[in-house]
Amino acid sequence: MPRLNPEQRRQMVKVIRQGMAKKDAARAFRVSRTTVWRWCQRTKHRGRESFRDLPRKPKGKITKKVEATIVAIRTAFGWGTARIRQALVNLPKFMRRVLGVCVQGVRLSRTATNGVLKRFRLNGYGREENA
(Lines give C-alpha, C1' and ligand atoms only; values in the text may rest on other atoms or scores of the structure.)
Protein backbone atom coordinates (compact mmCIF):
# COMPACT_ATOMS: atom_id res chain seq x y z
CA MET A 1 0.00 0.00 0.00
CA PRO A 2 1.37 3.41 -0.93
CA ARG A 3 1.93 6.23 1.53
CA LEU A 4 -0.35 9.19 1.08
CA ASN A 5 0.99 12.71 0.86
CA PRO A 6 -0.60 15.42 3.05
CA GLU A 7 -2.89 16.65 0.26
CA GLN A 8 -4.25 13.14 -0.36
CA ARG A 9 -4.87 12.70 3.38
CA ARG A 10 -6.73 16.01 3.49
CA GLN A 11 -8.83 14.93 0.49
CA MET A 12 -9.58 11.55 2.09
CA VAL A 13 -10.85 13.13 5.32
CA LYS A 14 -12.87 15.64 3.31
CA VAL A 15 -14.76 12.94 1.35
CA ILE A 16 -15.45 11.04 4.58
CA ARG A 17 -16.90 14.18 6.16
CA GLN A 18 -19.09 14.60 3.07
CA GLY A 19 -20.62 11.19 3.76
CA MET A 20 -18.48 8.54 2.08
CA ALA A 21 -18.09 5.36 4.15
CA LYS A 22 -14.63 4.79 5.60
CA LYS A 23 -14.49 1.36 3.98
CA ASP A 24 -15.16 2.88 0.56
CA ALA A 25 -12.64 5.67 1.15
CA ALA A 26 -10.03 3.08 2.08
CA ARG A 27 -10.67 1.22 -1.16
CA ALA A 28 -10.64 4.43 -3.23
CA PHE A 29 -7.35 5.67 -1.75
CA ARG A 30 -5.85 2.16 -1.66
CA VAL A 31 -5.09 2.17 2.06
CA SER A 32 -6.31 0.04 4.95
CA ARG A 33 -9.42 0.88 6.96
CA THR A 34 -7.15 1.27 9.99
CA THR A 35 -5.18 3.96 8.18
CA VAL A 36 -8.38 5.83 7.30
CA TRP A 37 -9.57 5.61 10.90
CA ARG A 38 -6.22 6.89 12.23
CA TRP A 39 -6.19 9.91 9.92
CA CYS A 40 -9.76 10.77 10.89
CA GLN A 41 -8.83 10.55 14.59
CA ARG A 42 -5.74 12.71 14.10
CA THR A 43 -7.76 15.46 12.42
CA LYS A 44 -10.21 15.52 15.33
CA HIS A 45 -7.45 16.13 17.85
CA ARG A 46 -4.84 18.17 15.99
CA GLY A 47 -6.57 20.05 13.20
CA ARG A 48 -4.70 21.13 10.04
CA GLU A 49 -1.20 20.17 11.23
CA SER A 50 -2.35 16.57 11.55
CA PHE A 51 -1.86 15.90 7.84
CA ARG A 52 1.91 16.36 8.01
CA ASP A 53 4.21 13.35 8.34
CA LEU A 54 5.45 12.57 11.82
CA PRO A 55 9.04 11.44 12.32
CA ARG A 56 9.27 7.68 11.84
CA LYS A 57 12.36 7.24 13.94
CA PRO A 58 11.99 7.30 17.73
CA LYS A 59 13.98 9.89 19.62
CA GLY A 60 17.15 8.48 21.11
CA LYS A 61 16.95 8.76 24.86
CA ILE A 62 20.25 7.27 25.93
CA THR A 63 23.26 9.43 25.12
CA LYS A 64 26.85 8.22 24.82
CA LYS A 65 27.67 9.85 28.16
CA VAL A 66 24.85 7.95 29.89
CA GLU A 67 26.02 4.71 28.27
CA ALA A 68 29.55 5.36 29.49
CA THR A 69 28.24 5.98 33.01
CA ILE A 70 26.23 2.72 32.98
CA VAL A 71 29.25 0.74 31.80
CA ALA A 72 31.50 2.43 34.37
CA ILE A 73 29.12 1.67 37.24
CA ARG A 74 28.78 -1.96 36.13
CA THR A 75 32.52 -2.54 35.81
CA ALA A 76 33.50 -0.61 38.94
CA PHE A 77 30.87 -1.93 41.35
CA GLY A 78 29.40 -4.99 39.61
CA TRP A 79 25.86 -3.74 40.23
CA GLY A 80 22.71 -5.00 38.52
CA THR A 81 20.16 -3.00 36.58
CA ALA A 82 18.10 -1.89 39.60
CA ARG A 83 21.08 -0.40 41.43
CA ILE A 84 22.48 1.15 38.26
CA ARG A 85 19.09 2.73 37.61
CA GLN A 86 19.09 4.22 41.11
CA ALA A 87 22.70 5.38 40.73
CA LEU A 88 21.85 7.31 37.56
CA VAL A 89 19.34 9.33 39.56
CA ASN A 90 21.58 10.08 42.52
CA LEU A 91 25.05 8.65 43.09
CA PRO A 92 27.02 9.61 46.23
CA LYS A 93 29.97 11.99 45.72
CA PHE A 94 32.67 9.52 46.76
CA MET A 95 31.41 7.04 44.13
CA ARG A 96 31.34 9.78 41.48
CA ARG A 97 35.02 10.45 42.22
CA VAL A 98 35.81 6.75 41.70
CA LEU A 99 34.02 6.69 38.35
CA GLY A 100 35.30 9.94 36.87
CA VAL A 101 32.72 10.22 34.07
CA CYS A 102 29.30 10.37 35.64
CA VAL A 103 25.86 11.62 34.61
CA GLN A 104 23.28 12.44 37.29
CA GLY A 105 19.53 12.96 37.29
CA VAL A 106 18.75 10.53 34.45
CA ARG A 107 15.71 8.27 34.80
CA LEU A 108 15.82 5.09 32.73
CA SER A 109 13.87 1.87 32.99
CA ARG A 110 15.59 -1.35 34.01
CA THR A 111 14.94 -2.64 30.50
CA ALA A 112 16.74 0.32 28.93
CA THR A 113 19.65 -0.12 31.33
CA ASN A 114 19.78 -3.82 30.50
CA GLY A 115 19.76 -2.97 26.79
CA VAL A 116 22.91 -0.89 27.25
CA LEU A 117 24.56 -3.71 29.19
CA LYS A 118 23.63 -6.15 26.41
CA ARG A 119 25.19 -3.91 23.76
CA PHE A 120 28.43 -3.92 25.72
CA ARG A 121 28.11 -7.65 26.58
CA LEU A 122 28.03 -6.92 30.30
CA ASN A 123 24.66 -8.39 31.24
CA GLY A 124 24.04 -11.77 32.86
CA TYR A 125 26.41 -13.94 34.81
CA GLY A 126 29.94 -14.72 33.69
CA ARG A 127 30.18 -17.91 31.66
CA GLU A 128 32.73 -20.60 32.30
CA GLU A 129 34.34 -22.12 29.23
CA ASN A 130 34.42 -25.91 28.96
CA ALA A 131 37.85 -27.45 28.52
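Checking THR34, THR43, THR113, THR75 one by one, the residue that is under 20 Å from the mean Cα position of the chain (by Cα) and either modelled with pLDDT of 95 or more or of a type in the set (Ser, Thr, Tyr) (or both) is THR113 and no other. Candidates LYS65, LYS14, LYS44: the one that is in a helix (DSSP H, G or I), closer than 30 Å to ALA87 by Cβ and of a type outside the set (Val, Ile, Thr) is LYS65. So is ALA82 assigned to a helix (DSSP H, G or I) and either of a type in the set (Ser, Thr, Tyr) or over 30 Å from LEU4 (Cα atoms) (or both) or not? Criteria met by ALA82. Give the residue that is modelled with the highest pLDDT, with candidates limited to residues of region 53-72 that are surrounded by fewer than 11 Cβ atoms within 10 Å (Cβ to Cβ) and of a type in the set (D, E, K, R). Among those that are surrounded by fewer than 11 Cβ atoms within 10 Å (Cβ to Cβ) and of a type in the set (D, E, K, R), it is LYS64. Scanning region 85-110 for residues that are modelled with pLDDT of 90 or more, assigned to a helix (DSSP H, G or I) and among the charged types (D, E, K, R) yields ARG85, ARG110. Given the criteria surrounded by 10 or more Cβ atoms within 10 Å (Cβ to Cβ) and either of a type in the set (A, V, I, L, M) or in contact with a helix residue (DSSP H, G or I) (Cβ under 6 Å, 6 or more places away or on another chain) (or both), does ARG42 qualify? For ARG42, the condition - surrounded by 10 or more Cβ atoms within 10 Å (Cβ to Cβ) and either of a type in the set (A, V, I, L, M) or in contact with a helix residue (DSSP H, G or I) (Cβ under 6 Å, 6 or more places away or on another chain) (or both) - is met.
Taking the criterion of being of a type in the set (Val, Ile, Thr), without any contact (Cβ under 8 Å) to a residue 24 or more places away in the chain and outside the structural domain of THR81 (by TED's automatic domain parsing), would at least one residue in region 9-20 satisfy it?
Just the residues of region 9-20 that are of a type in the set (Val, Ile, Thr), to begin with: 13, 15-16.
Still in the running and without any contact (Cβ under 8 Å) to a residue 24 or more places away in the chain: 15.
Adding the requirement that they be outside the structural domain of THR81 (by TED's automatic domain parsing) leaves 15.
Scanning region 9-20 turns up at least one residue that is of a type in the set (Val, Ile, Thr), without any contact (Cβ under 8 Å) to a residue 24 or more places away in the chain and outside the structural domain of THR81 (by TED's automatic domain parsing).
Is it the case that CYS102 is in the same structural domain as GLN11 (by TED's automatic domain parsing), of a type outside the set (Phe, Trp, Tyr) and surrounded by 13 or more Cβ atoms within 10 Å (Cβ to Cβ)? No, not satisfied. Checking each residue in region 1-24 for being in contact with a Cys (Cβ under 9 Å, 6 or more places away or on another chain) and surrounded by 11 or more Cβ atoms within 10 Å (Cβ to Cβ) picks out MET12, VAL13, ILE16, LYS22.
The values are calculated or read from the model by the stated rules, or taken from the named source; none is laboratory data. As the structure is a prediction and not an experimental result, all values here were calculated from the model. Using ideal geometry, Cβ is built from the backbone for each residue, glycine included, and neighbour counts are taken over all protein chains shown.
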